[in-house]
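Engineer: Quick one: structure below, then a few questions.
The values are calculated or read from the model by the stated rules, or taken from the named source; none is laboratory data. This is a predicted model, so every value here is computed, not measured. Note that each Cβ is placed from the backbone with ideal geometry, even for glycine, and that neighbours are counted across all protein chains shown. Please note that ligands, DNA and RNA were not included when accessible areas were found on the heavy atoms of the full protein model with its side chains. Shrake-Rupley method; radii C 1.70, N 1.55, O 1.52, S 1.80 Å.
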Amino acid sequence: QGSVTSTKLKVTGIDLFSAGDFKGGDGFEELILQDPSRGVYKKLVVKDNRIRGAVLYGDTVDGGWYFQLMKEATDIQSFRESILFGRANMADEGREEAKSGSGTFKQVHGRISRMSAERGANIRCSLS
């Protein structure tokens, strides 16, 4: 297996981070957070509950953390419902529930919607 690289750029005041296979394809899932009013786009490409690639636009603060999770092939199942909100927000989401990996997509989507509303964000989240 080849090396995994990441790139972080700032072009005319816009932060951009990419790492790994951010295109995905068959057998991959995409976790996406979009907040157009803040100019934020986050996409994690996941396979077998492991991050395979990432693209961050606008808010790149967690790029290094996502890259570390990807390089170490960390199983993200127990915290995938809050991963797009970043490492700093992990404590916000009921750690016991996150550790157990419980919750249907509908429950997870509801928690994400509540978290985004609490933060005053206009966010679209999808699992595909």
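Engineer: Based on what the data block shows, is Gly24 modelled with pLDDT of 80 or more, part of a loop (DSSP other than H, G, I, E, B), within 19 Å of Thr74 (Cα to Cα) and open to solvent by less than 40 Å² (accessible area, probe 1.4 Å)?
Structural biologist: So Gly24 passes the test.
Engineer: Identify all residues within the range 65-89 that are small (Gly, Ala, Ser) and at pLDDT 95 or above; write none if there are none.
Structural biologist: Ala73
Engineer: Which condition from (1) under 17 Å from Ile14 (Cβ atoms); (2) open to solvent by 30 Å² or more (accessible area, probe 1.4 Å) is the one that Val40 breaks?
Structural biologist: (2)
Engineer: Please verify whether the range 95-108 includes one or more residues that are outside any helix (DSSP H, G or I), in contact with a helix residue (DSSP H, G or I) (Cβ under 8 Å, 6 or more places away or on another chain), crowded, with 20+ Cβ neighbours inside 10 Å and at pLDDT below 95.
Structural biologist: No.
Engineer: Going through the range 47-73 one residue at a time, which ones are touching a helix residue (DSSP H, G or I) at 6+ places or on another chain (Cβ under 9 Å), open to solvent by less than 40 Å² (accessible area, probe 1.4 Å) and part of a strand (DSSP E or B)?
Structural biologist: Hits for the range 47-73 are Ile51, Gly53, Ala54, Leu56.
Engineer: Could you please find all residues in the range 74-87 being part of a helix (DSSP H, G or I) and either within 18 Å of Arg52 (Cβ to Cβ) or free of Cβ contacts under 8 Å to residues at least 24 places away in the same chain (or both)?
Structural biologist: Gln77, Ser78, Phe79, Ile83, Leu84
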